[in-house]
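Chemist: Could you have a look at this structure, given as structure tokens, before my questions?
The values are calculated or read from the model by the stated rules, or taken from the named source; none is laboratory data. What you see is a predicted model; the values in this text were computed from it and never measured. All Cβ positions, glycine included, derive from the backbone under ideal geometry; neighbour counts span all protein chains shown. Accessible surface is based on the protein model in full, side chains and every heavy atom, while ligands, DNA and RNA are left aside. Shrake-Rupley method; radii C 1.70, N 1.55, O 1.52, S 1.80 Å.
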Amino acid sequence: MNDSLKNIDDTTLIDLADLFKVFADSTRMRIMYRLLAGKMNVGDIAQALDMSQSAISHQLKYLKEVNLVKSKRDGKSMLYYLSDDHVKTIIQTGLEHIEE
């Protein structure tokens with residue numbers, strides 16, 4: 001067994017399971033997939049997904065709380081983007097896996 005796997009405790013595995021639960025929601029996945037292309041505001045995401053801005057805002061708030069999405073102000077609006085390359089890698093690896 002790989003040495004890095006021997007030292008993972010149950011709490012860490014529970015945290016990992018919780019992370020994957022976030023990815024299990026299709027609306028959140030659709031949002032994160034759109035953000036693979038770059039920064040977007042709520043209105044653009046809502047339009048692209050044919051959803052209300054309120055519904056998108058709710059999901060973005062949650063994605064920010066779990067540190068998968070970040071935001072920055074751009075004039076009067078907020079731009080949202082994936083928090084780091086790890087999130088991109090998880091999505092891209094998942095896509096590669098299902099396309100095999």
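For every residue, the table says whether it meets (1) open to solvent by less than 50 Å² (accessible area, probe 1.4 Å); (2) of a type in the set (A, V, I, L, M, F, W, C); (3) at positive phi; (4) touching a Ser or Thr at 6+ places or on another chain (Cβ under 9 Å).
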| position | (1), (2), (3), (4) |
| --- | --- |
| T27 | yes, no, no, no |
| L36 | yes, yes, no, no |
| A46 | yes, yes, no, yes |
| S54 | no, no, no, no |
| E65 | no, no, no, no |
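For every residue, the table says whether it meets (1) touching a residue at least 40 places away in the same chain (Cβ under 8 Å); (2) surrounded by 16 or more Cβ atoms within 10 Å (Cβ to Cβ); (3) outside any loop (DSSP other than H, G, I, E, B).
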| residue | (1), (2), (3) |
| --- | --- |
| T11 | no, no, yes |
| I14 | no, no, yes |
| G43 | no, no, yes |
| L60 | no, yes, yes |
| K72 | no, no, yes |
| G94 | yes, no, yes |
| H97 | no, no, yes |
| E100 | no, no, no |
